[in-house]
Amino acid sequence: MRFEPTDIAGLFALRLQRIADARGSFARLFCRDTFAAHGLADTFVQASLSVTRHALTLRGLHFQRPPHAEVKLVRCVRGAIFDVVADLRRDSPSYLRWQGFELSPDSDAALYIPEGCAHGFLTLVDDCEVLYQMSANYAAEAADGVRFDDPALGIAWPHAPALVAEKDLRWPAIA
């Protein structure tokens, strides 16, 4: 896999390197030694699958507060999404910057999202599945978020969302 730096400090786009033949292909999604060699979190303690039935459903922007802050490794395994990462780390050179990525099984991409960044996505088609690996277990008391339409971030979503959970509509603005 290739690690491509992004505009957000510590956020990497991971590109699969497929080995293909007449049967199909094979690609490594994670290697502890490779992640450690890049100075990245190399232990993931939880994996989750998000299933979203309808296009233009927005999930996010979510994160966990310390001491339960988590690194996320995210890959779209079915459908297509516009995935957004927003840097909420006050001491980061990319504080309040966001970056969006179109992820799908065909894009051969995954995202390594560092602690302190909020994450969310907009489904672009019906029937999407997103696979998450997290470096910390989910802790309800540390779960937090910010509004997907927060003017402090100014995220340019490719489409207006048709469905957003009430919980996600209640997240506070950053300011």
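The values are calculated or read from the model by the stated rules, or taken from the named source; none is laboratory data. Quick caveat: nothing in here was measured; it's all calculated off a predicted structure. Backbone-built Cβ (ideal geometry, glycine too); neighbour counts: all protein chains shown.
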Practice task
Quick one: which residue in Arg65, Arg75, Arg97, Arg90 is surrounded by fewer than 23 Cβ atoms within 10 Å (Cβ to Cβ), basic (Lys, Arg), at pLDDT 95 or above and within 14 Å of the chain's Cα centre (by Cα)?
Solution key: Arg75
Handout entry: From the options Glu102, Glu115, Glu70, Glu129, residue that is farther than 22 Å from Pro158 by Cα and either touching a Gly at 6+ places or on another chain (Cβ under 9 Å) or without any contact (Cβ under 8 Å) to a residue 40 or more places away in the chain (or both)
Key = Glu115
Practice task
Tell me which residues, restricted to segment 144-175, are touching a strand residue (DSSP E or B) at 6+ places or on another chain (Cβ under 6 Å) and small (Gly, Ala, Ser).
Solution key: Gly145
Completion exercise
Condition set among the hydrophobic types (A, V, I, L, M, F, W, C) and without any contact (Cβ under 8 Å) to a residue 40 or more places away in the chain, scope segment 16-30, selection farthest from Pro105 (Cα to Cα): answer is Ala22
Practice task
Quickly run through segment 133-171 and pick out the residues that are of a type in the set (Gly, Ala, Ser) and more than 27 Å from Leu14 (Cβ to Cβ).
Solution key: Ala140, Ala152, Ala160, Ala162, Ala165
Exercise for the section: For residues that are touching a Leu at 6+ places or on another chain (Cβ under 6 Å) and under 19 Å from Trp171 (Cβ atoms), tally how many sit in segment 114-145. Expected result: 5
Exercise for the section: State the number of residues belonging to segment 127-175 that are farther than 30 Å from Asp42 by Cβ, part of a loop (DSSP other than H, G, I, E, B) and not aliphatic (A, V, I, L, M). Expected result: 14
